[in-house]
Amino acid sequence: MFSRDIKSGITISNMSDELFNDALYFREQIEKTEEYFIVERFKRVSIICFCASTESWINTIIKENLSGKVKLSNIDTEVLEFINDPNKSIPKYFNSVKRKLYNFVPRAINGQSINWNSDKQKEFEKYIELSEIRNTIVHFSNRSSQVIHSDKVNSMIKEAPEIIENLFNKYSEMGSVLKTPEWFKFRKSRLI
């Protein structure tokens, strides 16, 4: 009989690392089959995992940078409480990837938001593009079918690791207390 019991008092897990590795694994599986529906499944899962990994690490960046501050605004306090307690309601202004990328992460790092109209950041815009594909998958409607089965999805899956690494390199350049983790530099899945 198979048992999943672990003979240890703790299990160490880094969800961002594991999800990124899962995304790489499913991306690799796309090349190993020609079965259309299986390929489409692997594409969907890969995109979803890449984005879940990224947004998990975004929350970690916000948390670690805000935790070191002596004084927080009411908004930053509310966001930090939400990140620390997932049972709290999501702050209404924290529900957009664009706002997180341009407003919350930069403000957590250096106290200043970036204006997305006058100061577009190519690293942020590429991730927003990837995130929009994830949203099309997760919030599917019949009209989404063309996007999900397009060449754009294929190219975004190939580019996703670089898009994500570049995003976190940008935050490192801005002065984040957390630098780009090593796992975002991997391009092949590994046994973890």
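The values are calculated or read from the model by the stated rules, or taken from the named source; none is laboratory data. None of the values given here were measured: they were computed from a predicted structure. Please note: Cβ atoms are built from the backbone with ideal geometry, for glycine as well, and neighbour counts cover all protein chains shown. For accessibility, only protein heavy atoms count, side chains too; no ligands or nucleic acids. Shrake-Rupley method; radii C 1.70, N 1.55, O 1.52, S 1.80 Å.
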Counting only protein heavy atoms and using a 1.4 Å probe, what share of the accessible area of the chain belongs to carbon plus sulfur, as a whole percent?
50 percent
Per the charge dipole of the chain (beta-carbon charges, Lys/Arg positive, Asp/Glu negative, Cα centre), the residue among A108, I47, F168 reaching farthest to the positive end is A108
Using a Gaussian network for the chain with springs between C-alpha atoms less than 10 Å apart, which of these wobbles most: F50, F124, F82?
F82
Work out the FRET efficiency for K98 and N14 from their Cβ-Cβ distance, taking R0 = 25 Å, and round it to the nearest 0.05.
0.45
Aspartates and glutamates with Cα under 12 Å of K126, excluding same-chain neighbours fewer than 8 positions away:
E159, E162, E165
Cα→Cβ-extended label distance, 7 Å offset, between D119 and N135, nm:
2.3 nm
Give me log10 I(q)/I(0) at q = 0.14, 0.20, 0.25 Å⁻¹ for the range 26-88, Debye formula, one equal scatterer per alpha-carbon, no solvent.
-0.57, -0.76, -0.98
Rounded, prolate or oblate: which fits the range 45-126, taking a ≥ b ≥ c as square roots of the Cα gyration tensor eigenvalues, rounded meaning a/c under 1.5, else prolate when a/b beats b/c?
oblate
Would you pull out the residues with amide H under 5 Å of M174's amide H, same chain only if 5 or more places away, H placed 1.01 Å from N?
none
Which value, in debye to the nearest 20, gives the size of the charge dipole of the chain about its Cα centre, when Lys and Arg are +1 and Asp and Glu are -1 at the Cβ?
220 debye
Between the alpha carbon centres of the range 43-96 and the range 105-121 the gap in Å comes to 16 Å
Computed E for D151/K188 - FRET, C-beta separation, R0 30 angstrom, nearest 0.05:
0.80
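Return one whole number: the accessible area per residue of the chain in Å², for a 1.4 Å probe.
60 Å²
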Quick shape check on the range 99-192: root eigenvalues a ≥ b ≥ c of the Cα gyration tensor, a/c under 1.5 is rounded, otherwise prolate if a/b tops b/c, else oblate, and it reads oblate
Using +1 on the beta carbon of Lys and Arg, -1 on that of Asp and Glu, and nothing else charged, what's the dipole of the range 72-117 about the Cα centre, debye to 20?
240 debye
Can you give me the convex hull volume of the Cα atoms of the chain, divided per residue and expressed in Å³?
175 Å³
